[in-house]
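K.L.:
Here's a structure for you.
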Amino acid sequence: MTEPAVDAGETVGAPPRTRRLTAEARRKSILKAARRAFSETGDMNGTTIKAIAERGGISEGVIYRHFESKDQLFYEAVVEPLREAVDELVAASEVVDRDEPLTPERQLETLQGLYRQLISTLEEVLPLLGLVLFGDPQVAQRFYRENFAVAMDRLAEAWRAVEDRYGFRFESPDVSARAVMGIALITALESHHDPGFDRDRAVTLISEGTIKGFFPAMRASV
């Protein structure tokens, strides 16, 4: 019977060597541990590098080899994913009529798709969003002004560009974007915390309400 070949320098019967993570893989594992730690404490200042290291099964020194400070780690672990999630929505809004022109039917269908995407995105990042917006006031203010508000303004401009292509005047798109974001956020909270919540029904109703209005017009009595 032929014995299996043994690499030079390898000891017969020795356990297989653990392959070391690449720098990029190590960074991702640290960010994952940091997100878990920050979410569990709900507070940036109350989350220590030691706690993050323990959740990642590594030493604090390993973390500092990849990140200069806890602030940098917090930004990349928590703020960056939120910004990227909203960026994806803005990108989708910019090409809603790329393949074919919008009709009233497609406008409603497209809005439903955007609401579904936005609600799913917000539900996925709710723990991080809550941590950023309702944690440290300075972090919250910075994130809102530099990321969240900017993203909503970009969303508004994307919608305005679509409307301009069809010759419509979009009144106050900045307010409209914030209204849509607020509706989507509450719907995401409902979906996240209520197992019986009918998301499909909600998306249909809020899409129709966004286009046609949520309340019937009052008529003056004769």
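The values are calculated or read from the model by the stated rules, or taken from the named source; none is laboratory data. Small disclaimer: the values here were computed from a predicted structure and weren't measured. Neighbour counts are summed over all protein chains in view; Cβ atoms, including those assigned to glycine, are modelled from backbone coordinates with ideal geometry. Heads up: the accessible areas ignore ligands, DNA and RNA and are worked out on the full protein's heavy atoms, side chains in. Shrake-Rupley method; radii C 1.70, N 1.55, O 1.52, S 1.80 Å.
K.L.:
Before rounding to the nearest 500, sum -39500 (n - 2.57) across all DSSP H runs of length at least 4 in the chain and divide by the residue total; then give [θ] at 222 nm in deg cm²/dmol.
P.N.:
Here the helix-only value at 222 nm equals -20000 deg cm²/dmol.
K.L.:
Something else: Report the one residue of Ile63, Ala91, Asn147 whose Cα lies farthest in the direction of the positive end of the charge dipole of the chain (charges on C-beta: Lys and Arg +1, Asp and Glu -1; origin at the Cα centre).
P.N.:
The listed residue farthest towards the positive side: Ile63.
K.L.:
Another question, then. Test of understanding: in a Gaussian network model of the chain with alpha carbons linked when under 10 Å, which of Glu109, Glu60, Glu24 would top the mean-square fluctuation ranking?
P.N.:
Sorting by GNM fluctuation, first place goes to Glu24.
K.L.:
Evaluate the charge dipole of the range 150-222 about its Cα centre and quote only its size in Debye, nearest 20, assuming +1 on the Cβ of each Lys and Arg and -1 on the Cβ of each Asp and Glu.
P.N.:
That gives a dipole near 220 debye.
K.L.:
Moving on to the next point. Along the range 183-188, what does the Karplus equation 6.51 cos²θ - 1.76 cosθ + 1.60 (θ = phi - 60°) give for ³J(HN,Hα), rounded to whole Hz, x for Gly and Pro?
P.N.:
For the range 183-188, the Karplus-derived couplings read 4, 5, 5, 5, 5, 5 Hz, x marking Gly and Pro.
K.L.:
Could you work out the relative contact order of the chain? I mean the mean sequence separation of Cα pairs under 8 Å and 6+ apart, divided by the number of residues, in percent.
P.N.:
This gives 19 percent for the chain.
K.L.:
Using a 1.4 angstrom probe on the protein heavy atoms only, could you order Leu21, Leu114 from most to least accessible area?
P.N.:
Leu21, Leu114
K.L.:
OK, next. Which of Lys32, Lys70, Lys212 moves most in a GNM of the chain, Cα contacts under 10 Å?
P.N.:
Its mean-square fluctuation being the largest, the pick is Lys212.
K.L.:
In a shell of Cβ-Cβ distance under 14 Å around Glu88, excluding Glu88 itself, what net charge do Lys and Arg (+1) and Asp and Glu (-1) give?
P.N.:
Within the 14 Å Cβ shell, the charges total -2.
K.L.:
Another one. Which of the three applies to the range 53-160, rounded, prolate or oblate, going by the alpha-carbon gyration tensor with a ≥ b ≥ c and a/c under 1.5 meaning rounded?
P.N.:
It comes out prolate by the Cα gyration axes.
K.L.:
Tally Lys and Arg at +1 and Asp and Glu at -1 over the other residues with C-beta under 12 Å from the C-beta of Arg199: what net charge comes out?
P.N.:
-3
K.L.:
Accessible surface of Ser39 in the full protein assembly, 1.4 angstrom probe, to the nearest 10 Å²?
P.N.:
50 Å²
K.L.:
Measuring from centroid to centroid over Cα atoms, what is the spacing of the range 106-123 and the range 174-190 in Å?
P.N.:
The range 106-123 and the range 174-190 have Cα centres spaced 11 Å from each other.
K.L.:
Once you have the Cα-Cα distance between Ser172 and Val95, take 0.36 nm times their residue separation minus that, and quote the gain in nm to one decimal.
P.N.:
Extra length from Ser172 to Val95 when fully extended: 25.6 nm.
K.L.:
Rank Asp200, Asp194, Asp136 by accessible area, highest first, at a 1.4 Å probe radius?
P.N.:
Asp200, Asp194, Asp136
K.L.:
Continuing with the same structure: Out of the total accessible area of the chain (probe 1.4 Å, heavy atoms of protein only), what percent is carbon and sulfur?
P.N.:
Whole-percent figure for carbon plus sulfur exposure: 53.
K.L.:
A further question follows. Under the rule a/c < 1.5 gives rounded, and otherwise a/b versus b/c splits prolate from oblate, where does the range 18-69 land using the Cα gyration tensor?
P.N.:
prolate
K.L.:
Can you tell me the order of 165-176, 76-87 when each peptide is scored by its average per-residue count of other Cβ atoms within 10 angstrom, highest first?
P.N.:
Per-residue Cβ counts within 10 Å, averaged per peptide and sorted highest first, yield 76-87, 165-176.
K.L.:
Using the heavy atoms of the protein chains alone and a 1.4 angstrom probe, what is the accessible area of the range 87-220 per residue in square angstrom?
P.N.:
62 Å²
K.L.:
Let me ask something else about it. Run the dipole for the range 22-172 about the Cα centre, Lys and Arg Cβ at +1, Asp and Glu Cβ at -1, nothing else charged, and hand back the magnitude in debye, nearest 20.
P.N.:
640 debye
K.L.:
Apply the Karplus parameterisation 6.51 cos²θ - 1.76 cosθ + 1.60, with θ equal to phi minus 60°, to every residue of the range 162-178 and state each ³J(HN,Hα) to the nearest whole Hz, in sequence, with x for glycine and proline.
P.N.:
Listing the rounded values in order: 5, 4, 4, 5, 10, x, 9, 9, 9, 6, 6, x, 5, 5, 4, 4, 6 Hz.
K.L.:
When the Kirkwood radius is taken over all Cα pairs of the chain, what Stokes-Einstein diffusion coefficient follows at 4 °C and 1.567 mPa s, in µm²/s?
P.N.:
Estimated via Stokes-Einstein, D reaches 62 µm²/s.
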